[in-house]
Protein chains: 2
Amino acid sequence: MKKILNQPDDYVDETLDGMCAAHPDVYRRTGESGRVIARAEPGFEGKVGVVSGGGSGHLPLFTGYVSPGLLDACAVGNVFAGPAIGDCVDAMRAADQGAGVLRLYGNYGGDRMNFDMAGELTELDGMRSATVLVADDVASASHEERAKRRGVAGVVYAYKITGAKAEQRGASLEEVTRVARKAVDACASIGVALTSCIVPEAGMPSFTIGDHEIEMGMGIHGEPGIWRGELKSADALAAEMLQRVLNDLGIGAGERVSVMVNSLGATPYEELYILYRAVSRELAAKGVSIVAPLVGRYATSMEMTGASLTLQRLDGELEALLRAPANCPFWRS
Amino acid sequence: MKKILNQPDDYVDETLDGMCAAHPDVYRRTGESGRVIARAEPGFEGKVGVVSGGGSGHLPLFTGYVSPGLLDACAVGNVFAGPAIGDCVDAMRAADQGAGVLRLYGNYGGDRMNFDMAGELTELDGMRSATVLVADDVASASHEERAKRRGVAGVVYAYKITGAKAEQRGASLEEVTRVARKAVDACASIGVALTSCIVPEAGMPSFTIGDHEIEMGMGIHGEPGIWRGELKSADALAAEMLQRVLNDLGIGAGERVSVMVNSLGATPYEELYILYRAVSRELAAKGVSIVAPLVGRYATSMEMTGASLTLQRLDGELEALLRAPANCPFWRS
């Protein structure tokens, strides 16, 4: 295992230590286990709390997006493992400013079970809460069964748009929930993997793939995709990924979208821009306008090679929320 | 070769196309060959121009740092190859606002030859210019022969500090040059490589390294380092890198530094934060204060695995310039 770490069992806690040491004005470790990251300065009284959580190994997801204009708190699991119930509860308590808490996270079985339980436990204390699941990966289920899809990089758009709404004074839990659902419904993603990453505790690649093979639609934990075959050109990859996402959302001429071209980890900026070039040309040819594009590392699987494409359809409300201020090491607007 | 691209020969031009398509408010392609990136909006009349250049394959270096508060223009070479003389000339012309131009770039033979020639050619047109070379890699020559060192991630601090000075109305070429020299003299770096990257035109790894081996002090193009041996713990790597850099700069208790923990490409944020944790603890124990730390990808070698550590010693002048506003996709302050 060729990774820069100390003991594999300390990978997550030392990462959180380092994040808080580097950005003490943004992040604060809290919770009984220390596996909750909350804002260094909590939100205003009466603010709807927005919490998330998930496995480690995806930075900037999930923890990196705790900041004003984004999340209030995040429960942190082991690498590729959901957060514990107690940490979900502690994240909700850290986010609670008396106006209720929205649980906004990617659609994975373990995360759902534990966040649902945390919702029941905090209800006993009188905390109001709601859930919106992000399920943007078009490769993981058909359009008809979209509620079964996994959450991938689209989670970032959901955080940004929802976080901006929750930052508005007077916004209720119901309104924040409505906006989160609207954002999630208008977002779709697909990824392509070229190589695996290594989970520290496992010490070996999560999956094997041939020297010239790729897998279209693979999930961020190596979940199976749509097809496995020979590596194609960047333009061919971009065209297929874009078509699948556009078809799913039914986006056509005259619409406005934000586009995210996201590295799964090792794929460099150069190659993301080559993909973006192709995507932006295809969208221009279709009469679709790009707003506030994102090119970089937003949702990764450590050192996995590959990239994902996310489209977030925008109307006036969502675009204003997407552009609203936020300030953390991984998002500034 | 498992990379996301079209034709290897188009790698650089398509990357530049993508950057300009994604960020048309920041970057503009110019120059006879199209291998110059200039600010979308030029600096004010009478501003000292700051230009750089270098090989491709290091994004965000070098081109990514063209923006207000940073560079005015950058000449772009092929992957790991210096920019052509004509592109250096065109970059200088794009940066020229009548107050002279500083050529600020990493110390590599080919780059020097071509930028020197560009200086002579533009002098014939009456343009005043000066050169400051960044030579921050402590592994590449002894302290006594530091002028022979290579430029690595410390280039980013030189850009930021110099760019901020050049943004001050009335700052002369001599003053901007003085600040650039001061920043460069107060900066040192070292890197550790775990795996090679692949240059698209070559199609195979630039160097071979064993499955459990690392190379301390390797350059960003795979230049030989100080030692090659077994992978150590993150804490042991951090301690050795920090000691080498501290010794070189002679930094001790009571001083203020900015610290950059930089991924060479594939190494993920998690591992950068594990390194940062160790570095920040060691510095605290030595009584050295950290100001405005940087953890992320600032100077890469595409998908190379590894990390570098840079320390920028600060006084009041340099700290204010480091914190001054700049706004590009890769730096916001």
Exercise for the section: Specify the residue that is surrounded by the most Cβ atoms within 10 Å (Cβ to Cβ); the eligible residues are those in segment A:39-62 that are of a type outside the set (Lys, Arg) and in a strand (DSSP E or B). Expected result: A:Ser52
Completion exercise
Among residues of segment A:224-238 being surrounded by fewer than 19 Cβ atoms within 10 Å (Cβ to Cβ) and within 18 Å of A:Ala135 (Cβ to Cβ), the residue nearest to the other protein chains (Cβ to nearest Cβ) is A:Ile226
Handout entry: Hey, B:Gly100 at positive phi and either of a type in the set (A, V, I, L, M) or facing chain A (nearest Cβ under 10 Å) (or both) or not
Key = no
Exercise for the section: Report yes if some residue within segment A:194-209 is buried (at least 16 other Cβ atoms within 10 Å of the Cβ), in contact (Cβ under 8 Å) with a residue 60 or more places away in the chain, within 19 Å of A:Asp136 (Cα to Cα) and more than 9 Å from every other protein chain (Cβ to nearest Cβ); otherwise report no. Expected result: no
Problem - When residues of segment B:263-274 are limited to those that are touching a residue at least 24 places away in the same chain (Cβ under 8 Å) and under 20 Å from the mean Cα position of the chain (by Cα), the one farthest from A:Pro268 (Cα to Cα) - result: B:Leu272
Fill in the blank from the handout: Flagged in segment A:63-115 as within 18 Å of A:Thr300 (Cβ to Cβ), buried (at least 24 other Cβ atoms within 10 Å of the Cβ), touching a helix residue (DSSP H, G or I) at 6+ places or on another chain (Cβ under 7 Å) and of a type in the set (A, V, I, L, M, F, W, C), in numbering order, are A:Leu70, A:Leu71, A:Cys74, A:Val76
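Listed here are the residues, each with its yes/no results for (1) within 14 Å of another protein chain (Cβ to nearest Cβ); (2) at pLDDT 95 or above; (3) over 20 Å from the mean Cα position of the chain (by Cα).
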| residue | (1), (2), (3) |
| --- | --- |
| A:Leu173 | no, yes, yes |
| A:Val179 | no, yes, no |
| A:Asp185 | no, yes, no |
| A:Glu240 | yes, yes, yes |
Exercise for the section: Would you check if there is a residue in segment A:156-166 being crowded, with 24+ Cβ neighbours inside 10 Å, in contact with a Phe, Trp or Tyr (Cβ under 6 Å, 6 or more places away or on another chain) and under 18 Å from A:Tyr105 (Cα atoms)? Expected result: yes
Practice task
Could you figure out which of (1) more than 25 Å from B:Ala141 (Cβ to Cβ); (2) of a type in the set (Lys, Arg); (3) within 12 Å of another protein chain (Cβ to nearest Cβ); (4) without any contact (Cβ under 8 Å) to a residue 60 or more places away in the chain isn't true of B:Arg323?
Solution key: (3)
Practice task
Could you please find all residues in segment B:268-313 being at the interface with chain A (Cβ under 9 Å from one of its Cβ atoms) and within 19 Å of B:Ser333 (Cα to Cα)?
Solution key: B:Ile290, B:Pro293, B:Leu294, B:Val295, B:Gly296, B:Arg297
Completion exercise
Per the filter on segment B:215-254, residues of a type in the set (Val, Ile, Thr) and within 19 Å of B:Ala299 (Cα to Cα) are B:Ile220, B:Val245
Completion exercise
All conditions in (1) out of contact with any helix residue (DSSP H, G or I) (no Cβ under 9 Å at 6 or more places or on another chain); (2) of a type in the set (D, E, K, R); (3) in a loop (DSSP other than H, G, I, E, B) are true of A:Arg244 except (3)
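Would you tally the residues in segment A:260-290 being in a helix (DSSP H, G or I) and not hydroxyl-bearing (Ser, Thr, Tyr)?
Here is the first cut: in segment A:260-290, the ones in a helix (DSSP H, G or I) are A:269-286.
Cutting the leftovers down to not hydroxyl-bearing (Ser, Thr, Tyr) gives us A:270-272, A:274-275, A:277-279, A:281-286.
Within segment A:260-290, residues that are in a helix (DSSP H, G or I) and not hydroxyl-bearing (Ser, Thr, Tyr) number 14.
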Exercise for the section: Tell me which residues, restricted to segment B:63-96, are among the small types (Gly, Ala, Ser) and part of a helix (DSSP H, G or I). Expected result: B:Gly64, B:Gly86, B:Ala91, B:Ala94, B:Ala95
Exercise for the section: Give the residues of segment A:1-38 that are surrounded by fewer than 22 Cβ atoms within 10 Å (Cβ to Cβ) and in a strand (DSSP E or B), sorted by residue number. Expected result: A:Arg28, A:Arg29, A:Thr30
Handout entry: Within segment B:281-313, tally of residues that are surrounded by fewer than 24 Cβ atoms within 10 Å (Cβ to Cβ), of a type outside the set (D, E, K, R) and more than 21 Å from A:Pro268 (Cβ to Cβ)
Key = 10
Practice task
Could you tell me whether A:Ile251 is over 19 Å from the mean Cα position of the chain (by Cα) and crowded, with 19+ Cβ neighbours inside 10 Å?
Solution key: yes
Practice task
Working only within segment B:6-42, note down all residues that are closer than 15 Å to B:Ser56 by Cα, at the interface with chain A (Cβ under 7 Å from one of its Cβ atoms) and touching an Asp or Glu at 6+ places or on another chain (Cβ under 6 Å).
Solution key: B:Thr15
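The values are calculated or read from the model by the stated rules, or taken from the named source; none is laboratory data. Quick caveat, the model's predicted, so the values are computed rather than measured. In this analysis, Cβ positions are derived from the backbone assuming ideal geometry, glycine residues included, and neighbour counts consider all displayed protein chains.
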